[in-house]
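**Q** Structure provided below as C-alpha cells; questions to follow.
Where a number appears in this text, it was derived from the coordinates with a stated rule and is not lab data. Since the model is a prediction, treat every value here as computed from it, not as a measurement. We place every Cβ from the backbone using ideal geometry, glycine too, and count neighbours over all the protein chains shown.
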Ligand SMILES: Nc1ncnc2c1ncn2[C@@H]1O[C@H](COP(=O)(O)OP(=O)(O)OP(=O)(O)O)[C@@H](O)[C@H]1O
C-alpha cells in the first residue's frame with residue numbers, strides 16, 4: 001500500500017536548510033496496522049504529512065496505492081486526499097463543530113462531498129462506541145469521546161488508509177487503550193491500513209509492527225511474532241516489554257546501509273571509523289584496530 005524509497009524532505013527557511021528525512025525507506029502492506037516511533041525531531045510528522053498529501057517530498061520515491069506522490073498534480077492531490085486518506089491528530093477535537101451533534105459532525109464532510117450516507121455515519125459512531133451518544137452536542141462529550149468522534153469523521157469518506165499523528169497524546173491511558181482497540185477493530189472489520197505515529201512505546205504492543213525512525217531514517221523494526229488469537233478470533237495484545245511479542249530487527253537498506261544506535265557507538269568509542277569482520281555467520285563491528293602495532 002505504501003512504498004517509500006530514498007525519501008528526502010528538505011525544509012528551506014531563509015538562511016537554513018533542515019533535512020527532515022534523509023533517504024528513508026518504508027513499506028507498509030495493505031491492511032497492516034503499524035506504528036512509527038521516534039524521538040522529537042526525528043521526522044515522524046514530516047513523513048506522515050507527506051503520506052497524507054499535506055506536504056510535498058523533495059526527492060526519492062513515495063507511492064501510496066496507485067499514486068506517485070512525487071509526481072502527483074495539485075488537482076490529483078485533492079482527489080488523493082479525499083478518497084485515500086483519513087487523518088487523525090492529537091487535538092482533532094479542535095476541528096469539530098461544538099454546536100452540532102456527534103452525528104451531524106460525522107455527516108458534515110459527507111455532505112461537503114455530496115455523499116451523505118446517514119446509515120454509514122451511524123455505523124461509524126457505533127464502531128467507535130458512541131451509539132448512545134450520537135445525538136449529543138459535541139460540547140456535551142468528554143475529550144476522549146470527542147477524539148472518538150474525530151476517528152469516525154476521518155473514516156466518513158471511506159479512506160483506504162488511516163494516518164494518526166499522536167492520536168492518544170492528550171488522553172488518559174484508559175482512553176488511549178480504548179482508542180487503540182477501536183483502531184484494531186476497524187483494521188479487522190474494514191481492512192483499512194493504519195499508520196500511527198507516536199513517541200509512546202507503550203503503544204507498540206498494540207500493533208503488528210513498529211518501525212523506529214532516527215534522524216530521518218528508518219533504523220530498527222519490531223515485528224510481532226505470536227499475536228495470541230483466541231477461539232473467537234480476538235487478538236490479545238500484551239504490552240510491549242511484558243511477554244515476548246515483538247522481535248527486533250535492524251533495517252538494512254537496498255545498498256546495504258544500516259544505522260548503529262548511538263549508545264553502542266559511544267560504548268565502543270567509535271566515531272568516524274570501525275573495524276568489520278565476517279566470520280561466516282556473523283558480522284562483527286568493533287572499534288577500529290590500530291594500524292600500527
Ligand atoms: N515547516 C518546517 N520548516 C522547517 N523545519 C521543519 C518544518 N517542519 C519540521 N521541521 C524540522 O524537521 C525536523 C523533523 O520534524 P518533525 O516534525 O517531522 O519531527 P517529529 O519526529 O514529528 O517530532 P515531534 O515528535 O516533536 O513532533 C525537525 O528538525 C524540525 O525542526
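**Q** Can you show me the helix-derived [θ] at 222 nm for the chain, built from DSSP H runs with n ≥ 4 at -39,500 (n - 2.57) apiece and divided by the number of residues, rounded to the nearest 500.
**A** So the calculated ellipticity at 222 nm is -7500 deg cm²/dmol.
**Q** Moving on. Can you give the Rg and Dmax of region 82-170 based on its C-alpha atoms, in angstrom?
**A** 11.8, 33
**Q** Can I ask one more? Computed on alpha carbon atoms, what radius of gyration and Dmax characterise region 123-185, expressed in Å?
**A** Over region 123-185's Cα set, Rg and Dmax evaluate to 11.2, 31 Å.
**Q** On to the next question. Using Cα atoms only, what is the angle between the long axis of helix 102-112 and the major principal axis of the chain, expressed in degrees (0 to 90) to the nearest 10?
**A** In the chain, helix 102-112 runs at an angle near 80 degrees to the longest axis.
**Q** What FRET efficiency comes out for the pair residue 289/residue 73, r = Cβ-Cβ distance, R0 = 45 Å, nearest 0.05?
**A** Working: r = 55 Å, r/R0 = 1.21.
Approximately 0.25, to the nearest 0.05.
**Q** What angle, in degrees between 0 and 90 and rounded to the nearest 10, separates the Cα long axis of helix 173-190 from the longest principal axis of the Cα atoms of the chain?
**A** Between helix and principal axis, roughly 80 degrees.
**Q** Antiparallel DSSP bridges in the chain: what percent, to the nearest 5?
**A** So the antiparallel bridges amount to about 65 percent of the total.
**Q** Could I ask something else about it? Quick one: which of 173-185, 150-162, 191-203, 67-79 comes out on top by average Cβ neighbours within 10 Å, and what's the full order, highest first?
**A** 150-162, 191-203, 173-185, 67-79
**Q** Consider all pairwise Cα distances in the chain and report the whole-number % of them above 37 Å. The partial results should precede the final answer.
**A** Numbers: 9087 of 42778 pairs.
Value for the chain: 21 percent of Cα pairs lie more than 37 Å apart.
**Q** Taking the highest mean first, how do the peptides 260-273, 104-117 order by number of other beta carbon atoms within 10 angstrom per residue?
**A** 104-117, 260-273
**Q** Tilt of helix 74-83 relative to the longest C-alpha principal axis of the chain, in degrees (0 to 90, nearest 10)?
**A** That helix lies at roughly 70 degrees to the long axis.
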